[in-house]
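Report on the following structure.
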Amino acid sequence: MPLQPRSNSKELAKTMGDIEPCYRPQEAKVEADRCLYCFDAPCIMACPTGIDIPGFIKKIANANLVGSARVILESNILGASCARVCPTEVLCEGACVMLDRDEKPIKIGRLQRYATDALWEKKANPFPKTPKRNGKKVALVGSGPASLGCAAELARLGYQAVVFEKDAEPGGLNRYGIAYYKMTPEVAKQEVKWVKDLGVEFRCKSEVGKNVKVEKLLKDFDALFLGVGLGKAHRLGIPGEDKKGVVEALEFIRWIHTKPLHQVPVGSRVAVIGCGNTAIDAVTQAKRLGAKEAVIVYRRGEEDMPAYEYEYELAKTDACGFLFHTAVVEVLGGKEVTGLRLAKTRTDKHGKTEIVKGSVFEEPFDMVIKATGQEKQAPAWKKFLPKLKFDDKGRIEVQKGTGQTSVPKVFAGGDAVNGGREVVNAVAEGKKAALAIHAMLSGQKVAGPIQGSRLGHQDGPRGSGFLQPVRVPELEAAYFTAMKNGAHRG
Ligand code: SF4
């Protein structure tokens, strides 16, 4: 795979950079002043972490930016990254009452970014008081959004939270797996710092199951949270798949976050297999890094693509190509990929795709990126925790709303449980698990789901409106008692 000639990292950073830069003060003020500060605001209900959206917008309107950021981070410690990566169009902004008035919804995501960026720039501590410790310890496996959400909440409730991460740096998907134009690694690092400032300990290069024994964690800690995410990309199961130049989408995005941009390998003609949001990230990143052509290959039609509409629009704006109703039959080449053998497909009345006879054709490519989903790595945990249960899709089974697994002391959340959703869903699940762990360790009954406007909302299935608020008074009571007794709320 040839390395495309590129100027330098500084120039590329501009090309790769923000698609929607941070508001300027006047812009933020004008947008904040449009908000109606609704009572029982539907935007709060649509946020899986239950951020007090009118509350933080009001503070922006009053020029209290640090206070505004605190409101956000109290509910969602990853509020800065969610401001950048959340599908706001289908969450908070999609629920904004302005839409009922045929007006544009309030740009909640951009305002959220404006407030959290201001806190970051001012180097202000979001939670200035030191949380009181209660003497109990919780171990968290993996340092992605679910674990960060859980660890931050536990620390604020007075627990000693210790995060075990196999990578050299914490942050998981936020640190290594999000397209550069949405979020740079600096944002993920800053958020980890905020979690560290709460007293959470991170032990990197610590792979649980390898250099850290699960039995030891169960013995030394009062509870265990599994935020282990997903594993490697699915194999395509076609000839030539292991040729040089065939890479996984998340590996490609990881290079962007770990190498100087001008040294990230990218082909001249790049094919991305798959059509989800990760595929769109990969194809747009390849194009912006210097690929002459970057093309999505998808076996179904435009109407079936799982990527969000605005992601699709972005890829089209970046002049990426789309081969719909096309299946990959073989990766061509010697040691290195030189092209793909493809075939046209059609969808039968049962929704199954089949190859159209006599439609095989070849296209030259010097890089192929696989973005067809990831394998579940959680089932590997069966050997460490034989009583851990999984569903038929390989996801860890948990009690809805509490994250408690079939092993009472073990909780789980994020992609390993939900199969791969948004960052904000992972944070919400981590937070709920923290509250359930707190209920368990403080002698309350752990029963789900945990809900309430202050504690976030139970997610419905994608597209369901994400709303099923249900309260569990005993868990909320435990939570508020802890706060009253000195647990930390910033
Ligand atoms: Fe403001 Fe829209 Fe939320 Fe109402 S629904 S509080 S107008 S952002």
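Any read-out appearing in this document is the output of simple, stated calculations on the displayed coordinates, not a laboratory observation. The model shown is predicted, which means the values in this text are computed figures rather than measured ones. Positions of Cβ are backbone-derived with ideal geometry, glycine not excepted, and every protein chain shown enters the neighbour counts.
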Suppose every K and R has +1 on its Cβ and every D and E has -1 on its Cβ; what is the size of the dipole of the range 246-370 about the Cα centre, in Debye to the nearest 20?
240 debye
Once amide H atoms are built 1.01 Å from N in the peptide plane, which residues 5 or more positions from residue 323, or in another chain, come under 5 Å H to H?
296, 297, 298
Can you spot the lysines whose alpha carbon is less than 20 Å from residue 383's alpha carbon? Ignore those fewer than 8 places along the same chain.
166, 210, 213, 216, 219, 232, 393, 409
Listed by chain and number, the lysines with an alpha carbon less than 21 angstrom from that of residue 357, same-chain partners under 8 positions apart left out, are 344, 349
By the scheme Lys and Arg +1, Asp and Glu -1, what is the net charge of all other residues having a beta-carbon under 14 Å from that of residue 243?
-1
Where chymotrypsin sites (Phe, Trp or Tyr not before Pro) fall in DSSP loop in the range 302-336, at most 16 other Cβ within 10 Å
308
Cβ under 9 Å from residue 388's Cβ, residue 388 left aside: what net charge do those residues give with Lys, Arg +1 and Asp, Glu -1?
+2
If you take every residue apart from residue 21 with its C-beta less than 12 Å away from the C-beta of residue 21, what net charge results, scoring Lys and Arg +1 and Asp and Glu -1?
+1
log10 I(q)/I(0), Debye, Cα-only the range 246-370, no solvent, q = 0.10, 0.22 Å⁻¹?
-0.30, -1.30
Rounded to the nearest 10 degrees, the helix 249-258 long axis (Cα) sits at an angle to the longest Cα principal axis of the chain of 70 degrees
Semi-axes of the equivalent ellipsoid for the chain, Cα gyration tensor, largest first, Å
38, 27, 22
Please report, for the Cα atoms of the range 8-72, the Rg to one decimal and the Dmax as a whole number; what are they, in angstrom?
15.3, 50
Pairs of Cα atoms under 8 Å, at least six residues apart: use those to get the relative contact order of the chain, whole percent.
19 percent
Amide H neighbours of residue 339 under 5 Å, at least 5 residues apart or on other chains, H built in the peptide plane: list them.
332, 365
Under a Cβ-only charge scheme (Lys and Arg +1, Asp and Glu -1), can you give me the dipole magnitude of the range 124-214 about the Cα centre, in debye to the nearest 20?
340 debye
What distance in nm lies between label points placed 7 Å from Cα along the C-beta direction at residue 186 and residue 11?
2.1 nm
Starting from the Kirkwood radius over alpha-carbon pairs of the range 172-229, derive D by Stokes-Einstein at 37 °C in a medium of 0.692 mPa s and give it in µm² s⁻¹.
242 µm²/s
Charges at C-beta only: +1 for Lys and Arg, -1 for Asp and Glu. How large is the resulting dipole of the range 229-299 about its Cα centre, in Debye rounded to 20?
120 debye
Pairs of lysines 8 or more apart, or on different chains, with alpha carbons under 25 Å: count those in the range 1-155, would you?
25
Any aspartates and glutamates with Cα under 16 Å of the residue 205 Cα? List them, leaving off those in the same chain fewer than 8 positions away.
165, 167, 169
Part-to-part distance (alpha-carbon centres) for the range 174-249 and the range 316-348, which is given in Å
30 Å
Could you work out the mean projected area of the convex hull around the alpha carbons of the range 13-141, in square nanometres to one decimal?
10.5 nm²
From the phi of every residue in the range 180-196, what ³J(HN,Hα) in whole Hz does the Karplus formula 6.51 cos²θ - 1.76 cosθ + 1.60 yield, where θ is phi - 60° and glycine or proline is x?
4, 6, 8, 7, 8, x, 4, 5, 4, 5, 4, 5, 4, 4, 4, 5, 4
